[in-house]
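The values are calculated or read from the model by the stated rules, or taken from the named source; none is laboratory data. This is a predicted model, so every value here is computed, not measured. Ideal geometry is used to build each Cβ from the backbone, glycine not excepted, and the neighbour counts take in all protein chains shown.
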Amino acid sequence: MPQDIAINGDNAVALAWKQINPDVCAAYPITPQTIIVEKFAEYVANGEVDTEFVCVESEHSALTLCTSSASAGARTFTATASQGLAYMWEMLPITAAMRVPLIMAVANRAVSGPININNDHGDAMAARDCGWVMLFSENVQEAYDMSLVAPRIAEHIDVQLPCMVNLDGFVLTHAIERMTTVDTQAVREFVGEHRPLYPLLDTKHPVSHGNMDGPDYYYPHKYQSVVAMEKALEVCEGVFADFKRITGREYKLVEEYMCDDAEYVAVILGSSFGTMKATVDRLREKGLKVGCAMPRVFRPWPAEALAKVMAGKKAVVVYDKHLSIGAYGPMFPEVVAAGSDLEQLPKMYNVIYGLGGADATVAGFEKSFEAVVNGTAQKIHYLGVRL
């Protein structure tokens with residue numbers, strides 16, 4: 001039976017994995033992800049899952065092993081953060097190009113340097129062009145739920161791409177929140193049996209994986225991933241609808257809060273969406289028509305859904321928890337592009353905030369949002385930076 005429990009984000013992800021019972025998990029510990037694989041290793045040691053757990057010598061080895069395992073036909077999970085994801089980077093586009101639907105939890109953390117172990121989205125943003133489906137979570141409940149929906153999306157016959165489940169380091173990974181579980185039998189039925197395509201261990205139908213591609217094949221094979229990503233938008237919507245039927249919890253490509261009658265909208269990712277909702281409430285009390293939105297699905301980019309959110313607005317403020325040095329924040333140009341077909345593009349503003357765990361507060365968001373409404377905002381603003 002579903003239960004209400006108190007649990008932190010890392011343990012919530014590990015619980016979802018336990019209920020899914022993957023075939024293989026290979027991982028290397030790194031703050032603030034370590035709790036996920038530690039807890040899941042306990043489940044393995046206690047015989048609560050049938051998973052083959054491999055503690056490798058590095059994150060690069062973890063993803064290499066997982067890619068090989070998934071190619072062989074096993075349902076495969078892993079997890080990492082920050083420098084660990086950076087160490088995996090060589091394998092990220094290879095894994096996607098090999099079209100293996102493995103699942104990776106990413107406990108979002110700043111990428112060095114300077115050395116920092118706190119939360120921002122530098123790790124995920126550095127991986128955004130590697131061909132992975134990317135889901136973001138606002139709270140612990142969503143980190144758990146996204147971990148359950150991820151295999152359904154990744155393994156869909158029209159997708160067959162790896163998937164990252166992002167949850168903010170420490171803010172979610174270590175914070176204990178109330179969460180409602182899904183019955184394990186319902187999870188197993190929802191996720192379903194893994195039916196790999198072209199597994200290497202199907203000796204009756206021999207195939208080759210990871211071949212060398214010359215110019216005649218490299219581009220077409222890359223384009224196949226583009227097509228899969230386009231189809232993933234519809235697949236995500238279908239999986240979210242199925243998940244609502246068993247849990248009552250509704251998810252969308254782009255989550256909205258008080259956007260319908262808003263004149264000004266903030267676009268933001270991850271746990272800060274909750275902080276921005278509180279900011280919207282405070283500004284509404286002042287009579288300002290504001291709202292906020294979060295791209296639940298960051299890859300594939302939900303341009304059409306975002307365009308609907310932006311249509312008819314006076315201004316849109318994009319809050320980036322990462323710094324693209326020498327340019328706008330990484331999400332800003334994509335939001336602008338999403339609105340390029342609107343009859344009139346709203347005024348667009350970019351706010352950089354929260355780098356390396358810097359405070360992301362209602363007071364700070366309120367001040368920066370008010371500046372946009374009042375017409376005093378800069379095109380790009382570095383919220384809270386000290387010089």
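Among the residues making up region 325-350, those that are free of Cβ contacts under 8 Å to residues at least 60 places away in the same chain and either of a type in the set (Val, Ile, Thr) or in contact with a Pro (Cβ under 6 Å, 6 or more places away or on another chain) (or both) are 325, 336.
Please work out if residue 65 is under 20 Å from residue 129 (Cα atoms) and either modelled with pLDDT under 95 or not small (Gly, Ala, Ser) (or both). Before the answer, list the steps.
On the way: under 20 Å from residue 129 (Cα atoms): no; either modelled with pLDDT under 95 or not small (Gly, Ala, Ser) (or both): yes.
Taking the combined requirement at face value, the residue does not satisfy it.
For the structure I just gave you, tell me whether residue 135 is touching a Lys or Arg at 6+ places or on another chain (Cβ under 7 Å), modelled with pLDDT of 95 or more and either within 24 Å of residue 153 (Cβ to Cβ) or of a type outside the set (Val, Ile, Thr) (or both). Yes: the conditions hold for residue 135. Taken over region 321-354, the residue count meeting the criterion of being closer than 15 Å to residue 307 by Cβ and of a type in the set (Val, Ile, Thr) is 2.
Selection over region 307-357 of residues that are hydroxyl-bearing (Ser, Thr, Tyr) and within 18 Å of residue 254 (Cβ to Cβ) gives a count of 2.
For every residue, the table says whether it meets (1) surrounded by 14 or more Cβ atoms within 10 Å (Cβ to Cβ); (2) at pLDDT 95 or above; (3) among the basic types (Lys, Arg).
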site	(1), (2), (3)
227	no, yes, no
233	yes, yes, no
239	yes, yes, no
244	no, yes, yes
248	no, yes, no
261	no, yes, no
269	yes, yes, no
274	yes, yes, no
279	yes, yes, no
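Against the list (1) surrounded by fewer than 17 Cβ atoms within 10 Å (Cβ to Cβ); (2) in contact with a strand residue (DSSP E or B) (Cβ under 7 Å, 6 or more places away or on another chain), the condition residue 66 fails is (1).
For residue 139, state whether it is surrounded by 22 or more Cβ atoms within 10 Å (Cβ to Cβ), over 16 Å from residue 244 (Cα atoms) and touching a helix residue (DSSP H, G or I) at 6+ places or on another chain (Cβ under 9 Å).
When the stated conditions are applied, residue 139 passes them.
Somewhere in region 276-288, is a residue within 25 Å of residue 384 (Cβ to Cβ), among the polar types (S, T, N, Q) and touching a Leu at 6+ places or on another chain (Cβ under 8 Å)? Spell out the reasoning first.
Residues of region 276-288 within 25 Å of residue 384 (Cβ to Cβ): 276-286, 288.
Checking which are among the polar types (S, T, N, Q) leaves us with 279.
Narrowing the set further to residues that are touching a Leu at 6+ places or on another chain (Cβ under 8 Å) leaves none.
Within region 276-288, none of the residues are within 25 Å of residue 384 (Cβ to Cβ), among the polar types (S, T, N, Q) and touching a Leu at 6+ places or on another chain (Cβ under 8 Å).
Table: residues versus (1) under 20 Å from residue 174 (Cβ atoms); (2) of a type in the set (S, T, N, Q); (3) surrounded by fewer than 21 Cβ atoms within 10 Å (Cβ to Cβ).
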site	(1), (2), (3)
90	no, no, yes
100	no, no, no
103	no, no, no
106	yes, no, no
115	yes, no, yes
119	yes, yes, no
123	yes, no, no
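Taking the conditions exactly as written (in contact with an Asp or Glu (Cβ under 8 Å, 6 or more places away or on another chain) and charged (D, E, K, R)), does residue 245 satisfy them or not?
Details: in contact with an Asp or Glu (Cβ under 8 Å, 6 or more places away or on another chain): no; charged (D, E, K, R): yes.
So residue 245 fails the test.
Examine region 361-382 for a residue that is among the hydroxyl-bearing types (Ser, Thr, Tyr), more than 17 Å from residue 316 (Cβ to Cβ) and assigned to a loop (DSSP other than H, G, I, E, B), and state whether such a residue exists.
Applying the first criterion (among the hydroxyl-bearing types (Ser, Thr, Tyr)) to region 361-382 yields 361, 368, 376, 382.
Narrowing the set further to residues that are more than 17 Å from residue 316 (Cβ to Cβ) leaves 361, 382.
Filter once more, so that each one left must be assigned to a loop (DSSP other than H, G, I, E, B): 361.
Yes, region 361-382 has at least one match.
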